[in-house]
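*Asks:* Just passing along the structure, written as structure tokens.
Laboratory data are not the source of any read-out in this text; all were calculated from the coordinates shown. Nothing here was measured: the structure is a model prediction, and the numbers come from that model. Here the Cβ positions follow ideal geometry from the backbone for every residue, glycine too, while neighbour counts run over all protein chains shown.
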Amino acid sequence: MVFPWETPEKPGRLPETNAAGNHDQNTMTKTILAIDDNQDFLDLLKILLEDSGYRVLLADSAAKAMESMETEPPDAVILDLMMPQRNGFEFLENLRWDTRFEKLPVIVLTAMTLTGEEREFLEAFTVACMDKAQSTQVVDRLKQLLPDS
């Protein structure tokens, strides 16, 4: 069994840190935050992403996602648009106003039929917008975005 703090190069050891105390990106797996209110879909994404070597954080709401990002900023986000309370569009708008996350890669996976205006918004604030039926292709897109993973 491999624990989350182990690295392939040094099983049983924590990843090395640089002078600032940050983990060395060359010894760490990229972290993806998946946000969706459908737990079954989150479970599917977790399996898909972990099988591809990513570390996965899950959030079933925009509020929980922001809390998670405060303590553990991800390398990329996979976002559903249709969620209760705060939807994916509102989450994206808030995310882009926060200078810490304004350039964070976001991939939208949705079953929603989008209007032209919604598509324009997503083109401006995300790196990709994909239908949930294409969810297996999200790994290829992440590999393009995060080449070190």
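*Asks:* Can you work out the FRET efficiency for the pair LYS64 and PHE101, with r the C-beta to C-beta distance and R0 = 22 Å, to the nearest 0.05?
*Replies:* It comes out at approximately 0.90.
*Asks:* R0 = 25 Å: FRET efficiency of GLU50 with MET82, Cβ-based, nearest 0.05?
*Replies:* After rounding to 0.05, the efficiency reads 0.55.
*Asks:* In whole angstrom, how far apart do the alpha carbon centroids of the stretch 114-149 and the stretch 81-103 sit?
*Replies:* Between the Cα centre of the stretch 114-149 and that of the stretch 81-103, the gap is 15 Å.
*Asks:* Determine how many Å³ per residue the convex hull of the Cα atoms of the stretch 26-143 encloses.
*Replies:* Here the figure is 102 Å³ per residue.
*Asks:* Below 13 angstrom from the Cβ of LEU33, what's the summed charge of the other residues (Lys, Arg +1; Asp, Glu -1)?
*Replies:* That sum, taken over residues with Cβ under 13 Å, equals -3.
*Asks:* Shifting gears a bit: So, counting K/R as plus one and D/E as minus one, what does the shell of residues with Cβ under 14 Å around GLN85 add up to?
*Replies:* -4
*Asks:* Using Cβ contacts closer than 10 Å as the measure, can you line up ARG141, ARG100 from fewest to most?
*Replies:* So the residues, fewest neighbours to most, are ARG100, ARG141.
*Asks:* Note down the relative contact order for the stretch 26-143 as a percent, whole number, built from C-alpha pairs under 8 angstrom at least six residues apart.
*Replies:* This gives 23 percent for the stretch 26-143.
*Asks:* Among residues other than GLU120 whose Cβ falls under 15 Å from its Cβ, what is the net charge (Lys/Arg +1, Asp/Glu -1)?
*Replies:* So the environment of GLU120 carries a net charge of -2.
*Asks:* Related question: Please give the length that would be gained between THR136 and ASP37 if that part of the chain were fully extended, namely 0.36 nm times their separation in residues minus their C-alpha to C-alpha distance (nm, one decimal).
*Replies:* 33.8 nm
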